[in-house]
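Structure first, then comments.
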Amino acid sequence: MDNMTFVLFGGTGDLAKRKIYPALFNLYIDKKMPETFSIIALGRKETSHAEFQQVVAKSLETFSRRKANDQAVLNAFLETIRYAALDAGNLEDFNKLRTLVEQREQELNIPDNRLFYLSVAPEFFETIAFNIKDSGLGSTQGWKRLVIEKPFGRDLQSARHLNEQLGKAFDESEIYRIDHYLGKPMVQNLEILESSNPILKALWSNHHIANVQITASETVGVEERAGYYDHSGAIRDMVQNHMLQLLMMISMRLPRKGDASEVRMKKRNVMESLRPLQMDTIAQNVVRGQYAAGEMNGKRVPAYIDEPGVPAGSKNDTFIALRLWIDNYFWSEVPFYIRTGKRMKEKSTRIVIEFKEPLKGQNTNNDPNLLVIEINPNEGIFIQLNKKDPLNNEKLEPMRINFYECGTDLPEAYENLIHDAVRGDSTFFAHWDEVELSWQYVQPILDAFEQDLIPLSYYPAGSNGPEASDQLVAADGFKWWLDK
Ligand code: NAD
């Protein structure tokens with residue numbers, strides 16, 4: 001792995017403290033960082049290097065997966081960090097930053113390989129990219145990379161604009177768009193699961209699969225984020241990025257080599273095969289929901305509309321369910337259902353694959369075979385099969401074969417992704433084609449919301465979403481599996 005400099009814009013922010021420093025520290029403990037590296041953290045306030053190193057120490061104490069038992073290891077890690085104040089719009093600050101970066105490169109005798117991580121609000125993405133270019137920070141003999149947080153645009157047009165602008169300072173191959181769902185160990189496991197298990201591989205098509213269900217449900221409400229969330233809704237916050245990425249990961253054809261360019265192509269093929277939503281039938285395929293007041297763990301919780309900061313009369317979507325069709329050779333006629341929401345009964349991200357019952361009609365009481373992939377908060381896989389009820393030989397009953405990844409101290413998504421970015425592997429990042437095609441798919445939904453073509457269905461907090469979501473699946477003769 002090349003020695004390098006990690007430049008962190010937004011180094012004093014919430015994400016940096018909760019995820020990025022802990023990820024860097026855990027990678028350091030695991031010897032997954034380059035032999036010599038420098039971290040330059042940036043924020044708006046003036047602080048000394050030493051004071052800021054203590055801020056990082058505190059964030060590690062609170063948020064790191066592994067604690068720093070060995071003071072020498074912790075000190076050595078903290079010693080890699082320098083801090084500078086910087087205003088995104090001030091080119092002079094970038095010139096000073098370049099001096100600091102170069103000074104550290106000389107002190108450490110490392111090449112000018114530079115990774116710029118933008119953990120700042122999206123309105124700064126373009127300005128920072130330009131100032132990196134204009135200050136000469138991006139003119140390196142070595143490599144340069146831009147790691148960028150979500151959201152990437154707020155519709156198709158703004159995403160295209162942002163991409164065009166970033167393209168003036170960085171090549172597509174240098175841009176690493178974070179979708180932290182792609183960093184989750186079970187998501188990274190999906191292609192292996194399918195490609196290295198002949199019993200699954202043999203069944204992996206529309207001949208044997210009846211439908212695929214992808215759920216990401218949260219129990220929390222909007223919390224203090226109404227300012228952001230009321231303009232985003234579940235469609236932008238979850239569906240355009242995370243949910244469609246999960247769909248691509250579960251449905252793409254097996255990459256032969258599995259390298260970044262092949263994975264990108266396979267994912268793009270999925271997106272290009274998605275049947276576009278039509279305005280006249282969109283309400284039959286999309287459910288828009290918002291949580292009403294309800295009961296969670298025996299406690300009354302308010303409706304979305306009564307949460308602090310939510311504007312009166314807001315029709316924002318806190319829940320989306322969607323039926324999608326992938327019109328290719330392998331998946332035609334297999335409905336994919338996506339559902340995501342806040343204030344739902346259970347916190348869970350999972351994919352359920354329901355297999356066809358070839359003898360349907362003869363054995364009407366059989367439960368179908370299911371393959372369930374649990375992504376979050378537990379990581380596991382189970383298969384549901386049928387067996388004879390030993391007390392009543394006439395009857396069959398389902399049994400589950402479980403595997404849970406318990407007791408293993410798994411790396412967090414940010415650890416996996418930062419490790420990949422540092423070593424230059426973009427397989428588990430969102431490439432532009434995927435982002436653009438996802439916005440293209442989602443754009444009619446945004447337009448339909450704007451024109452009020454899709455009714456807003458209310459669901460009580462603590463439920464599994466609006467009834468319309470159950471009806472969406474029931475219309476095809478199915479049901480959502482594993483609802484509590
Ligand atoms: P934050 O508000 O906690 O931190 C923002 C950072 O930006 C601070 O370090 C601040 O100093 C810096 N900043 C603000 N104005 C600046 C300016 N004019 N010039 C230079 N720096 C400036 O935000 P956050 O929660 O850490 O989120 C950062 C990014 O990550 C955002 O794009 C957000 O959408 C994304 N994100 C955050 C989370 C999360 O869990 N917090 C999750 C996913 C994505």
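The values are calculated or read from the model by the stated rules, or taken from the named source; none is laboratory data. The shown structure was predicted, so the numbers you read here are calculated from the model rather than taken from an experiment. Here the Cβ positions follow ideal geometry from the backbone for every residue, glycine too, while neighbour counts run over all protein chains shown. Calculation scope for accessible area: heavy atoms of the full protein, side chains included, ligands and nucleic acids excluded. Shrake-Rupley method; radii C 1.70, N 1.55, O 1.52, S 1.80 Å.
Using the Kirkwood formula over every pair of different C-alpha atoms, what hydrodynamic radius in Å results for region 4-149? Could you put the intermediate results ahead of the total?
Details: mean 1/r = 0.0652 Å⁻¹.
Hydrodynamic radius (Kirkwood, Cα pairs) of region 4-149 is 15.3 Å.
Rounded to the nearest 20 debye, what is the charge dipole size of region 83-183 about its Cα centre when +1 sits on each Lys and Arg Cβ and -1 on each Asp and Glu Cβ?
140
To make sure I understand the rule: partners must be lysines, Cα under 18 Å from the Cα of K266, and not fewer than 8 residues away in the same chain. Which ones qualify?
Once the sequence-local lysines are set aside, what remains near K266 is K201, K257.
Charges only on Cβ, +1 for Lys and Arg, -1 for Asp and Glu: so what's the dipole of the chain about the Cα centre, in debye to the nearest 20?
Roughly 760 debye for the chain.
State the answer as a single residue: which of I199, Q278, G341 lies farthest towards the positive end of the charge dipole of the chain, with beta carbon charges of +1 for Lys and Arg and -1 for Asp and Glu, about the Cα centre.
So the residue furthest toward the plus end is I199.
So in the chain, what percent of DSSP beta bridges are antiparallel if you round to the nearest 5?
Numbers: 45 of 81 bridges.
Within the chain, antiparallel bridges account for around 55 percent of the total.
Considering the options A23, I128, L118, tell which one lies farthest towards the positive end of the dipole of region 4-149, charges being +1 on Lys and Arg and -1 on Asp and Glu at the Cβ, about the Cα centre.
So the residue we want is A23.
With each run of n ≥ 4 DSSP H residues scored as -39500 (n - 2.57), what mean residue ellipticity at 222 nm is computed for the chain after dividing by its residue count and rounding to the nearest 500 deg cm²/dmol?
Helix contribution divided over all residues of the chain: -9500 deg cm²/dmol.
Over all directions, the average projected area of the alpha-carbon convex hull for region 258-386 comes to how many nm²?
Numbers: hull surface 52.3 nm².
Projected over every direction and averaged, the Cα hull of region 258-386 covers 13.1 nm².
What is the Rg over Rh value, at two decimals, for region 43-117, using alpha-carbon atoms and the Kirkwood definition of Rh?
In region 43-117, Rg relative to Rh is 1.01.
Measure nothing but the geometry: give the 0 to 90° angle between the long axis through the Cα atoms of 432-450 and the longest principal axis through the Cα atoms of the chain, rounded to 10°.
With both axes taken from Cα atoms, the answer is about 60 degrees.
What's log10 of I(q)/I(0) for region 5-87 at q = 0.16, 0.19, 0.25 Å⁻¹, Debye sum over Cα points only, no solvent?
Each listed q corresponds, in turn, to -0.53, -0.76, -1.36.
Take region 75-207, compute every pairwise Cα distance, and split them into 10 Å bins from 0; I just need the percent in each bin.
10, 32, 27, 17, 9, 4, 0
So how far, in whole Å, is the C-alpha centre of region 104-163 from the one of region 219-278?
23
Where Rh is the Kirkwood radius over the Cα pairs of region 347-484, the temperature 25 °C and the viscosity 0.890 mPa s, what D in µm²/s does Stokes-Einstein return? Don't skip to the answer; put the middle values down first.
Details: Rh = 19.5 Å.
Once the numbers are plugged in, D ends up at 126 µm²/s.
Over all distinct Cα pairs, what is the inverse of the mean 1/r for region 170-224, reported as the Kirkwood hydrodynamic radius in Å?
15.0
Near the amide H of G294, under 5 Å away, which other amide H atoms are found, from residues 5 or more places off or on another chain, if H is placed in the peptide plane?
Residues meeting the criterion, in which the H sits 1.01 Å from N, are V301, A461.
How would D134, D367 rank on accessible area, largest to smallest, probe 1.4 Å?
From most accessible down to least: D134, D367.
Note down the magnitude of the dipole of region 407-484 about its Cα centre, charges +1 on Lys and Arg C-beta and -1 on Asp and Glu C-beta and zero elsewhere, to the nearest 20 debye.
Using only the charged Cβ atoms, the result is roughly 260 debye.
Looking at region 4-149, send over the antiparallel percent of its DSSP beta bridges, to the nearest 5.
Antiparallel bridges: around 0 percent, rounded to the nearest 5.
Sort the following peptides by mean Cβ neighbour count (other Cβ atoms within 10 Å, averaged over residues), highest first: 235-244, 218-227.
Ranked by mean Cβ neighbours within 10 Å, highest first: 235-244, 218-227.
What pairs from K19/K150; K31/K144; K19/K484 go past 24 Å between their alpha carbons?
The pairs that break the limit, which is 24 Å between Cα atoms, are K19/K484.
Grab every C-alpha pair in the chain, bin the distances at 20 angstrom width from 0 up to the longest one, and report whole percents.
So the P(r) values, bin by bin, are 22, 53, 24, 2, 0.
Hey, can you rank 190-198, 411-419 by average C-beta count inside 10 Å, highest first?
On the way: 190-198: 14.2, 411-419: 22.1.
Result, highest mean Cβ count within 10 Å first: 411-419, 190-198.
Which one, V147, G13, M33, is farthest towards the positive end of the dipole of region 4-149 when Lys and Arg carry +1 and Asp and Glu -1 on their Cβ?
So the residue we want is M33.
Accessible area per residue of the chain at 1.4 Å probe, in Å²?
On a per-residue basis, the chain sits at 45 Å².
Give me the angle, in degrees from 0 to 90, between the Cα long axis of helix 156-166 and the longest principal axis of the Cα atoms of the chain, rounded to the nearest 10.
Between the helix axis and the principal axis of the chain, the angle is about 30 degrees.
With only alpha-carbon atoms in the gyration tensor, what are the semi-axes of the equivalent ellipsoid for region 136-219, in Å, largest first?
Gyration-tensor ellipsoid for region 136-219: 36, 18, 13 Å.
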